[in-house]
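The values are calculated or read from the model by the stated rules, or taken from the named source; none is laboratory data. As the structure is a prediction and not an experimental result, all values here were calculated from the model. A quick note on method: Cβ atoms are made from the backbone with ideal geometry, for glycine too, and the neighbour counts reach across all protein chains shown. Each accessible area value is taken on the protein alone, full model and side chains, heavy atoms only, with ligands, DNA and RNA left out. Shrake-Rupley method; radii C 1.70, N 1.55, O 1.52, S 1.80 Å.
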Amino acid sequence: MPDLEQQLKEAASPLERMKLIAEFAQRLSITNFERAVELVDEAIPLARKQMKRGECRREYALLVRAFGFFCYRRSEFEQAERSFQVALPLFERMNDYWDVANTVQLLGAVAASLCDYEKALTLFERSKLLFEESGDAANALRSLSNTAAIYRRTGRHREAFDHFSSARRLAVTINDKDSESNALLGMGMVQNDQGHFDEALQSLLKSLSLKEESGEKDGIADVLLNIGNVYALIPDHRKAIGYYERSLAIYEQLGRIKSESGCFVSLGLMYLGLGELTEAREWLEKGLVVSKRIVDLQCYSSGLATLAEVMLRQGELDNALESIQTALGLMESINEQDQIADALLTLGHVQSGMGMVEAATDSINRAIMIANAMETKPVIRKAYELLSNIYLHADEPVKALEYFKRYHKLNEELLRTEADRRVQHIRLELEREQVEKREALLKIENERIERELDLKTKHLATMAMSIVQHSNFLNAIGNEIGEAAKKGTENTQATSRSTLTKSEATVSG
């Protein structure tokens, strides 16, 4: 808070100073983390002492929660969880519903960071209800968005999309454009996961428009990155590279190292898709160095999996096997379900190249099971194609033909679905253009009518002015005539008087 330091200087007693710190510490940590930590370290001993006397229960709870928040920011998740669990029952006993909701939301964030996703879902859903009861729609929206993100991360795309859609509706209701943009971003990411590329681009471009309207650079970079992800899967590797480079430039400007490493890995994947293996390897190795240094397991495991594919194409099968097995172990440890299936396909490909047919088919069948559960048909299509090739090279033509038929059938279905989507998209675009043209024509007609009315108004004003001027002229003429008539009358009367006087004089003589 801008005047907190002044208020602390003016505090009448250490107790009053402690209460001020308790009230503002968590918010202060957003703007001045080190100072917030220093103040909380100072205030907690006094708050604990007062707490033992049965006083300052709320202040103690606020300080303990602030300390937990600091631990969370430093990735000390176990300590953060312990602190939040101490604060929560204190707020509950005071029936302080908003602070209960906030503490539950923070516990959900810790559970998500520890990859305990079911617990995190329960906590976020509870915090949403509590915020709604407290009348805080903005924080309820945040909990709803967090729930959607966890559903996506665990591969439950239908639930994720429904929750992001609900978050968007709520954001529109409370006129929160930033949250609306974030919800659209989430919707686009889920649509991309499901292979609904046109819909994904529509959602992401709407999100980008809102981000650009607000001038939020980091948000713009995030959306650009995800538009690149869509083009990566279409696939249009050159377009994807363009979007990744645009987002990378902003991340470098903002100093977002974690996001930079993600761009490095994504660029490596695109150059792999173009068959430019040397370029791909350079980008991937840059991403791996950074993600390992900052302990970003998600990015590091993704980079290792992609590097394994590069090594596979370069004939380094032993290195590829080691890389993909390490990547898969990391993905399973952080429960990255949406990446595990792809990693298993890469593992199967490497194993088949090493002549490990049984192990390869086991890996690919595991990938199919996960992809079926997640309803990601593009992964299943790739799996069928791999199995067909494996059985063909293993001299099992019957099985090879069976999986080729499955691949061909699913490929036709996906192509047909994509074609239907594109037709629907074109139809919607045509309808939108027709509406825009009708609106444009109506606007032109309204402008024409307004111009005619404006001209008529000006003409009437000119006529009125002419009438006024003519009337003024006539009045002036009338006044002059009246003055002349008056003078003429006066002269006549004077002449008559003079004649009469002369007549009277003659008679007298």
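Before moving on, here are some points about what is shown:
- Of Tyr117, Tyr72, all but one fail to be within 26 Å of the chain's Cα centre (by Cα), hydroxyl-bearing (Ser, Thr, Tyr) and open to solvent by 30 Å² or more (accessible area, probe 1.4 Å); the exception is Tyr72.
- Checked against the criterion of being over 25 Å from the mean Cα position of the chain (by Cα) and either open to solvent by 10 Å² or more (accessible area, probe 1.4 Å) or at pLDDT 95 or above (or both), the candidates Val350, Val289, Val295 yield just one match: Val289.
- Ala383 meets the conditions (1) more than 22 Å from Asp342 (Cβ to Cβ); (2) open to solvent by less than 40 Å² (accessible area, probe 1.4 Å); (3) of a type outside the set (Lys, Arg); (4) at pLDDT 90 or above in every case but one. The failed one is (1).
- Complete set of residues in segment 307-339 that are farther than 26 Å from Gly155 by Cα and outside any helix (DSSP H, G or I): Gln314, Gly315, Glu316
- Counted as qualifying within segment 148-260 are the helices (runs of 4 or more DSSP H) with 1 or more residues that are more than 30 Å from Glu279 (Cβ to Cβ) and open to solvent by 50 Å² or more (accessible area, probe 1.4 Å), namely 157-173, 177-193, 197-214.
- Residue match in segment 308-327 (condition: in contact with a helix residue (DSSP H, G or I) (Cβ under 8 Å, 6 or more places away or on another chain), buried (at least 24 other Cβ atoms within 10 Å of the Cβ) and without any contact (Cβ under 8 Å) to a residue 24 or more places away in the chain): yes
- Summed over segment 1-24, the residues that are surrounded by fewer than 18 Cβ atoms within 10 Å (Cβ to Cβ) and either of a type outside the set (Asp, Glu) or touching a strand residue (DSSP E or B) at 6+ places or on another chain (Cβ under 6 Å) (or both) give a count of 11.
- Residue list for segment 273-286, filter: without any contact (Cβ under 8 Å) to a residue 40 or more places away in the chain and either open to solvent by less than 20 Å² (accessible area, probe 1.4 Å) or in contact with a His (Cβ under 8 Å, 6 or more places away or on another chain) (or both): Leu274, Ala280, Leu284
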